[in-house]
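Worksheet for the structure shown next.
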Amino acid sequence: MNNRPETISQNLKVFLSDRQKLHVAEALAQTLHEKQELEDHKKAATHEMAERLEGMENSIKKSARLLSQGYDFQWVECRVLYNTPQPGEKQLIRLDTGEEVRIEEMTFEEAQENLPLTEPTPAAPPEAAAVPPEEPLSLTPTPEAAAQPLKGPAAGPNPRELLKPPGNAGSGANGLVLA
């Protein structure tokens, strides 16, 4: 009896057939695809986790600031009182607490008052009926005024005097020589 084996297995180079190569290629493509999906999922999860952590960090900071300062800024409705406390000023009052916010100068536009657009009906004063209406002025002289000669500087020089030769050099009152 012989204890010698007739065959043994050895790790030796074996060339792949085309069919085997195709099978390995398909397995490789499937594994690459699964790996890419897993990496994308990891990136998305990491990004989502980073955003959640950032939101928590911002919330922590805001809460810490609110606690340390004891207040927060918010939009609050305020009533505006124009020309208060003095003309040309406006006063802002919080509607939620009634506290005065501040007093400031009115702008030019704010200082303009709105006028009523309807015209009031005028009432005639009682003394208006007692006063007789004035007569219109006339530029035509009355017959008595036309018969009166003009006097003073408004009358101007007498036209006959202008035509008389003066005593020297035969010139008229206006300096013209008369023939």
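The values are calculated or read from the model by the stated rules, or taken from the named source; none is laboratory data. Computed from a predicted model, the values in this text were never measured in an experiment. All Cβ positions, even for glycine, are placed from backbone atoms using ideal geometry, and neighbour counts span all protein chains on display.
Some observations on this one:
- Residues being surrounded by fewer than 10 Cβ atoms within 10 Å (Cβ to Cβ) and on the phi > 0 side of the Ramachandran plot - total across segment 54-101: 2
- Ala64 part of a helix (DSSP H, G or I), aliphatic (A, V, I, L, M) and under 30 Å from Glu100 (Cα atoms): yes
- Leading residue by the ranking (modelled with the lowest pLDDT) among those in segment 3-20 that are surrounded by fewer than 10 Cβ atoms within 10 Å (Cβ to Cβ) and aliphatic (A, V, I, L, M): Ile8
- Close contacts from segment 100-121, counting a first residue that is part of a loop (DSSP other than H, G, I, E, B) and a second that is modelled with pLDDT of 70 or more, with Cβ to Cβ under 6 Å and a gap of 6+ residues or different chains, come to Met106/Gly88; Met106/Lys90.
- Options Gln30, Gln91, Gln86: the member that is without any contact (Cβ under 8 Å) to a residue 12 or more places away in the chain and either part of a helix (DSSP H, G or I) or within 25 Å of the chain's Cα centre (by Cα) (or both): Gln30
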